[in-house]
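The values are calculated or read from the model by the stated rules, or taken from the named source; none is laboratory data. Predicted model only: the values in this text are computed from it and were never measured. Here the Cβ positions follow ideal geometry from the backbone for every residue, glycine too, while neighbour counts run over all protein chains shown.
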Amino acid sequence: MSAPLFLVESLPTADSMVLDGPEGHHAATVQRLRVGEELLLGDGRGGTATAVVTAVGRGTLDIEVTSRGYVDAPSPRLVVVQGIAKGDRGELAVQAMTEVGVDEIVPWAAGRSVVQWRGDRGVRARGKWVATAREAAKQARRAWLPVVAGAPDEATQSVARRIAGAAAGYVLHEEATDRLTTVELPDHGEIVLVVGPEGGITPAELSAFESAGAHPVRLGPSVLRTSTAGVAALAVLATRLLHW
């Protein structure tokens, strides 16, 4: 089994350090790491370090760094605009998309989103997405922590501007004739993929995205849930772009 990953604000410059705080508590108390066991440290920005536990305290670990590394950011950069969904479907989507390699997730206040993020509720909801992405990145041993954009969410006009500035934009739509498996993909820059909410994308939204340069695509004959469509699309992109 691969060594567990713990995220830190900055990697140690010295050969030894104390891992404390929430990550130290999780390592020492929850995962119960012991002297001699190996772990990974990551700053979420490509920097990594391998370390060995030298002592265990109450919610802390003394560790010795054995190697350091850096992982380049993936290119093209994969951005998913996720229509806000009801219940825990949005968090399920964030978790799975992080595991398969999304680089940024943009919560989108789509016209047919049943749930609207407003005021404190929106701040809390976005915070859950951030926490979910962080934990999923640790589980997947990712060197780069996905960004969750939005303040706390983005309007259709903002999404259209994001598409206009990207190397390519695609909208998952059940009536599209072209497939994501065959459309032309850029080899650098940013790819923006739009996933609608449970009720789908409105004609006006689709028109706005197409005017910004997006290409409607479909995955196949099935209509997927909003919590799984982005994951399936990312798997296609990761395979075609040789990220996997």
message = Can you tell me which residue is farthest from the chain's Cα centre (by Cα) among those in segment 76-120 that are part of a strand (DSSP E or B) and of a type in the set (A, V, I, L, M, F, W, C)?
response = Trp108
query = Taking segment 60-83 as the region of interest, how many residues are in contact with an Asp or Glu (Cβ under 6 Å, 6 or more places away or on another chain), within 30 Å of Gly111 (Cα to Cα) and either at pLDDT below 95 or among the β-branched types (Val, Ile, Thr) (or both)?
reply = 1
remark   = The residue that is nearest to Ser113 (Cα to Cα), considering only those in segment 128-184 that are in contact (Cβ under 8 Å) with a residue 40 or more places away in the chain, assigned to a helix (DSSP H, G or I) and of a type in the set (A, V, I, L, M), is Val159
query = Among the listed residues Ala133, Ala149, Ala110, which satisfies the condition of being surrounded by fewer than 20 Cβ atoms within 10 Å (Cβ to Cβ) and of a type outside the set (S, T, N, Q)?
reply = Ala149
task = Return yes when Ala51 is touching a Leu at 6+ places or on another chain (Cβ under 6 Å), at pLDDT 95 or above, over 30 Å from Gly111 (Cβ atoms) and not assigned by TED's automatic domain parsing to the domain that holds Leu145 and no when it is not.
result = yes
key: From the options Gly90, Gly46, residue that is at pLDDT below 95 and either buried (at least 22 other Cβ atoms within 10 Å of the Cβ) or in the same structural domain as Ser16 (by TED's automatic domain parsing) (or both)   = Gly90
Selected residue (only one of Leu185, Leu193, Leu206, Leu224 is assigned by TED's automatic domain parsing to the domain that holds Asp88 and surrounded by 21 or more Cβ atoms within 10 Å (Cβ to Cβ)) = Leu193
note = Out of (1) closer than 24 Å to Thr48 by Cα; (2) in contact with a strand residue (DSSP E or B) (Cβ under 6 Å, 6 or more places away or on another chain), the one Gln139 does not meet is (2)
ask   = Quick one: what pairs do we get from segment 228-239, first residue assigned to a helix (DSSP H, G or I), second acidic (Asp, Glu), C-beta under 9 Å, 6+ apart or different chains?
value = Val231/Glu99
note = Among residues of segment 179-217 being among the charged types (D, E, K, R) and modelled with pLDDT of 95 or more, the residue farthest from Thr239 (Cα to Cα) is Glu205
note = Of those in segment 7-46 that are in a loop (DSSP other than H, G, I, E, B) and under 21 Å from the mean Cα position of the chain (by Cα), the residue nearest to Asp72 (Cα to Cα) is Gly46
task = Tell me which of these Ala73 doesn't satisfy, since it passes every other one: (1) outside any loop (DSSP other than H, G, I, E, B); (2) among the hydrophobic types (A, V, I, L, M, F, W, C); (3) in contact (Cβ under 8 Å) with a residue 60 or more places away in the chain.
result = (1)
